[in-house]
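Heads up: the structure comes next, in structure tokens.
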Amino acid sequence: MGKELYVNEPVYKAAIDECAEILLQEINEDIREIIFTEESDEAADKLKNTYYTQPATFITSYALAKYYMSMGINPAAFVGHSIGEFVSAHLSGILTLADALKLVAARARLISGLPGGTMLSVRTARKNVLPLMPATLSLAANNAPNLCVVSGEASDVDNFSKILEQNGIVNKPLRTSHAFHSHMMDPIISPLNDVAASFNLSVPKIPILSTVTASWLKDGEATDPGYWSKHARATVNFSDAINALITELNPVFVEVGPGNATTTLIKQQGGAVVSRVVNSIEPGISNSDLISIKKTIGKLWTLGVDINWQSLHEAENANVLHDLPTYAYDKKKYWVEPVQVQQLTNQPELTNNSSNNEVEEIVDNADLTRKERLISRIKTILGEASGNDISDTNPHFSFIELGFDSLLLTQVASSFKKEFRVPVTFRQLSEEYDTLDKLSTYLDSTLPADVYSAAKKEKPKAASKIVETNVPVDDVDNKALLQTILQQINILTQQVAELQKSQMPTGISPVGTNGNNHSLTKNDLQNSYTIEANTNHRDVKILDNSNPPVPGAKLGKDQNGNPAWFIADSNNPGRYLQIPI
């Protein structure tokens, strides 16, 4: 827990060492040998013991806070979950470091001497829990809009869990040694008050949002020993406290502690705050403390927090390069502008007598792959479970980063299994498929080909005839587009005529070029002529427009009144050129 930081960051190491020396007098052990011991079952068991857990949590949070402050990241306000509020009390000036550690050590020692109990995480709002909860249990924490914790004796908690299940409310036991923040803490209030009363309590210099009252900590509360002694018994009203901070300050939240518990809870508030909360140390990942802390500083900078970069790189002996240009030189643009496409509405109906061209095509989500459609559905399920809008969420963010705790992941695992009909477990969502991208890839490779494939409908049949619809086109843009289409058709017609002209026999000339001004118009054209091929009247040939010598040619009379073939003169609309035969 923070070992890499302890070895590599002098400020962090100094803070840990200072706390360890003070605690040595209180617990008669070096806390460093417990929190920095190589991973072992014995070390893990000790850290689960509240006698060590509370002091270890305090000094880790304190050291992280001191490290951030050395980077120029100074707090505008504090809010702490349970032990976290004692860290806030010291950093805001209410308690000296020695007094804060003595109070936390006494709290841990007194609680460890109490009978064991247990706690139950409940995935629903506080208003739904209280009517069902028996008097033998206590509401230990209101952590998020739809997440509470109930605390008490193990048998009472087990019975209540069954009641919740009967009412369709998801719940999960927590791994705790005692029933924190419950009536089972009553015996320690008086002795803890005696310890707090021995200190010189001061008013806070930096504001604290109390998780007992869910409002700003008043000077009278800060200097009252009873506030700090009853703290272990009172409900942690974290959700309302966070909402108050969001309303008044709209801040960037930084979790200064081991893991990401409060980061997850704050993200479950939903809204824009989801993108403005970061944690410091990634849980469950060894040898990653330095990477995590640098990532956190980078995220804070992108959120507009000022960083003292000189302090950050002071221990690295970084060299600043001066010989590189500070501007973009020889800038060239290679962007390909997209083609402007206009769509014509009020289009005429297209019909085709042939049924051979009937095909199916993907519609609606035609531009989406199946994986993308799966991601969309997964987001919907996650949003329904959490009550938050995650439609714009980066698919590579882990579910933990999105604010999903173990209980919520257990709930959505069941929803995924029901929706997709494939095995999806809590462990998979926590480890192997812990992002939208990974989960959708798994589902895409597992689901049958026809599941979540594109919606289908018939493709419009190829057009062979335009049927008039008599739909008025009033839109100005449509009129302009229609005019453009007509102009293009006219140009195309002229080009076809030119091609036909190029294929005609030589000798074609416009009517009237032989010296007289006789001209031929459309009215002069005829549908057919009968021609005697010889004087014996034995061979008769009928000329009609069904069999022109050149495509597009029409029958008419030449200047001598004899039948002749003509083709439209593209350069003189309404005039025709004679084709010699």
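Starting from the amide H of Val236, placed 1.01 Å from N in the peptide plane, find each other amide H under 5 Å away whose residue is 5 or more places distant or on another chain.
Ala141, Asn142
Output ³J(HN,Hα) for the range 29-35: one whole-Hz value per residue in order, computed from phi by the Karplus curve 6.51 cos²θ - 1.76 cosθ + 1.60 with θ = phi - 60°, and x for Gly and Pro.
Whole-Hz 3J(HN,Hα) from phi for the range 29-35: 9, 8, 4, 5, 6, 9, 7.
Out of residues 5 or more away from Phe78 or on other chains, whose amide H comes under 5 Å of its own, with H placed 1.01 Å from N in the peptide plane?
Hits under the 5 Å cutoff: Ile208, Leu209.
Cα gyration tensor of the range 1-82, axes a ≥ b ≥ c as square roots of the eigenvalues: rounded (a/c below 1.5), prolate (a/b > b/c) or oblate?
Because a/c hits 1.5 or more and a/b exceeds b/c, the range 1-82 counts as prolate.
Could you rank the peptides 290-296, 174-180 by their average count of other C-beta atoms within 10 Å per residue, with the highest value first?
Order by mean packing, descending: 174-180, 290-296.
Based on the alpha-carbon gyration tensor of the range 215-315 and its eigenvalue square roots a ≥ b ≥ c, which shape applies: rounded if a/c is under 1.5, prolate if not and a/b is larger than b/c, or oblate?
prolate
In what sequence, largest accessible area first, do Asp392, Asp569 appear using a 1.4 Å probe?
If we order Asp392, Asp569 from most to least accessible, we get Asp392, Asp569.
For Asp306 and Ala449, what is the calculated FRET efficiency with R₀ set at 41 Å and r taken between the beta-carbons, to the nearest 0.05?
About 0.15, to the nearest 0.05.
Convert each backbone phi in the range 109-114 into a coupling constant with the Karplus relation 6.51 cos²θ - 1.76 cosθ + 1.60 (shift: θ = phi - 60°), then list the ³J(HN,Hα) values in order as whole Hz, x for Gly and Pro.
My calculation for the range 109-114 gives 5, 5, 5, 5, x, 7 Hz in order.
Output wanted: per-residue J couplings in Hz (rounded whole) for the range 184-193, from phi through Karplus 6.51 cos²θ - 1.76 cosθ + 1.60, θ = phi - 60°, x for Gly and Pro.
The phi angles translate into 6, 8, 4, x, 8, 5, 5, x, 5, 5 Hz.
Accessible area, 1.4 Å probe, largest first: how do Ile189, Ile281, Ile163 sort?
Greatest to least solvent exposure: Ile163, Ile189, Ile281.
List the residues, sorted by chain then number, that are 5 or more residues from Val170 or on another chain and whose placed amide H is less than 5 Å from its amide H.
The answer is Arg123.
The values are calculated or read from the model by the stated rules, or taken from the named source; none is laboratory data. These figures come from a predicted structure and were not determined experimentally. With ideal geometry, Cβ positions are generated from the backbone for all residues, glycine too; neighbour counts draw on all protein chains shown. The protein model used for the area step is the full one, side chains on, heavy atoms only, and it has no ligands, DNA or RNA in it. Shrake-Rupley method; radii C 1.70, N 1.55, O 1.52, S 1.80 Å.
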